[in-house]
Amino acid sequence: MDELQCCVISCEKPLDQTYWDNQYQANTTGWDLGEVSPPLKSYIDTLENKNTRILIPGCGNTYEAEYLLEQGFTNVTVIDIAPTLVENLKTKFKDNLNINIVLGDFFEHQGEYDVIIEQTLFCALPPTMRQKYVWKMHQLLVKEGKIAGLLFNRTFESGPPFGGSQEEYNLLFQQAFDFLKLEICQNSATPRAGSELFIEFQKNSEVLVNLYPFEGITCSGCKNSVSEKFTAIEGVLNVSMSSDFAEVLMVSKTEIALETLQKEIAYDAKYKLNKSYKD
């Protein structure tokens with residue numbers, strides 16, 4: 001499925017600002033559909049309140065934002081890390097006051113949104129950042145706010161894009177979000193037909209979602225043991241550890257003291273859980 005290829009240069013380099021800016025400078029944007037994604041167009045058509053606060057992170061050429069503005073939406077924010085792209089967008093939308101174009105890192109962005117549209121950000125991130133993605137999405141959404149968009153339901157030999165599965169997404173997002181939709185997409189763009197899931201997740205505002213830096217784990221077996229220890233703590237609803245063992249996403253009914261968590265892993269002197277990232 002060559003149409004799904006993302007970049008064709010520099011794929012061994014870190015996926016940082018320089019990397020993504022190089023893709024736009026070289027016009028190696030193989031992920032770009034050239035139009036609003038049909039499933040997202042259909043979803044946008046269901047939104048009735050034109051003042052809905054909408055964020056599109058990792059926005060790319062943001063045909064979705066263009067469509068939103070055409071439909072009369074008045075509060076659209078897009079953010080991307082690539083300076084070349086952002087300058088082009090600012091020129092394109094220079095006369096439109098209903099869109100806020102931000103150059104920056106999604107994970108450092110602050111704001112409150114009713115809807116966040118997922119369109120190729122998740123798959124562009126290194127898989128080690130998926131727990132951080134869930135934490136940040138939960139942070140940015142207002143009560144009953146929603147993530148809506150598309151996730152790949154397939155794997156790739158290399159990335160970006162990086163794939164995944166419905167089972168993985170269930171485990172990753174559960175308890176932090178209520179699943180309104182997580183289903184095979186029936187109206188994908190032709191290059192992506194049969195490879196996408198449509199999601200609509202609503203923020204669970206009754207829980208706390210924390211992300212903790214973790215030190216000391218070097219294997220999957222240890223990762224599973226630590227996760228089981230944390231999951232057994234009263235009030236903990238879900239635990240997910242990043243694939244590089246460096247961060248732990250924890251969903252809980254109430255705040256769990258750091259001392260309580262550290263006590264559960266005290267059996268191995270190498271293990272250390274640091275204070276959670278804060279809003």
Can you tell which of LYS223, LYS229, LYS263, LYS181 is closer than 26 Å to TYR113 by Cβ, among the charged types (D, E, K, R) and not in a loop (DSSP other than H, G, I, E, B)? LYS181
Restricting attention to the stretch 42-68, which residues are of a type outside the set (Asp, Glu), more than 19 Å from the chain's Cα centre (by Cα) and over 21 Å from LEU141 (Cα atoms)? SER42, TYR67
Please verify whether GLN262 is in contact with a strand residue (DSSP E or B) (Cβ under 7 Å, 6 or more places away or on another chain), surrounded by 13 or more Cβ atoms within 10 Å (Cβ to Cβ), of a type outside the set (Phe, Trp, Tyr) and free of Cβ contacts under 8 Å to residues at least 12 places away in the same chain, treating the condition exactly as stated. yes
Only one residue in LEU151, LEU172 is within 24 Å of THR46 (Cβ to Cβ) and either of a type in the set (Val, Ile, Thr) or modelled with pLDDT of 95 or more (or both). Which one? LEU151
Can you give me the number of residues within the stretch 82-95 that are out of contact with any helix residue (DSSP H, G or I) (no Cβ under 6 Å at 6 or more places or on another chain) and surrounded by 12 or more Cβ atoms within 10 Å (Cβ to Cβ)? 7
Can you name the residue in the stretch 100-112 that is closer than 19 Å to THR18 by Cα and of a type in the set (Asp, Glu) and is also most open to solvent (accessible area, probe 1.4 Å) among such residues? GLU108
Matching residues in the stretch 184-212 (part of a strand (DSSP E or B) and either modelled with pLDDT under 95 or not aliphatic (A, V, I, L, M) (or both)) number 8
State which residue is most open to solvent (accessible area, probe 1.4 Å) when the search covers only the stretch 232-242 and only residues that are part of a loop (DSSP other than H, G, I, E, B) and either closer than 19 Å to LYS272 by Cβ or of a type in the set (A, V, I, L, M) (or both). ALA232
Yes or no: the stretch 50-67 includes at least one residue that is free of Cβ contacts under 8 Å to residues at least 24 places away in the same chain and loosely packed, with under 15 Cβ neighbours inside 10 Å. no
Check THR218, THR254 and return the single one that is open to solvent by 20 Å² or more (accessible area, probe 1.4 Å) and modelled with pLDDT under 95. THR218
Give the residue, chosen from ILE101, ILE117, ILE79, that is touching a residue at least 12 places away in the same chain (Cβ under 8 Å), assigned to a strand (DSSP E or B) and touching a His at 6+ places or on another chain (Cβ under 8 Å). ILE79
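Let's see how each residue does on (1) among the aliphatic types (A, V, I, L, M); (2) more than 19 Å from SER242 (Cβ to Cβ); (3) surrounded by 21 or more Cβ atoms within 10 Å (Cβ to Cβ); (4) in contact with a Leu (Cβ under 8 Å, 6 or more places away or on another chain):
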residue	(1), (2), (3), (4)
ASP114	no, yes, no, yes
ARG130	no, no, yes, yes
GLU144	no, yes, no, no
ARG154	no, yes, no, no
GLU167	no, no, no, no
GLN175	no, no, no, yes
PHE179	no, yes, no, no
ILE184	yes, yes, no, yes
Condition first: without any contact (Cβ under 8 Å) to a residue 40 or more places away in the chain, among the polar types (S, T, N, Q) and open to solvent by 80 Å² or more (accessible area, probe 1.4 Å). Can you find one or more residues in the stretch 22-30 that meet it? yes
Of the residues in the stretch 252-270, those that are in contact with a helix residue (DSSP H, G or I) (Cβ under 7 Å, 6 or more places away or on another chain) and not charged (D, E, K, R) come to LEU261, ILE265
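The values are calculated or read from the model by the stated rules, or taken from the named source; none is laboratory data. This structure is a prediction, so every number in the text was calculated from the model and none was measured. Every residue, glycine among them, receives a Cβ derived from its backbone with ideal geometry; neighbour counts consider all protein chains shown. For the accessible areas, the whole protein counts, side chains as well, though only heavy atoms, and no ligand, DNA or RNA atoms are used. Shrake-Rupley method; radii C 1.70, N 1.55, O 1.52, S 1.80 Å.
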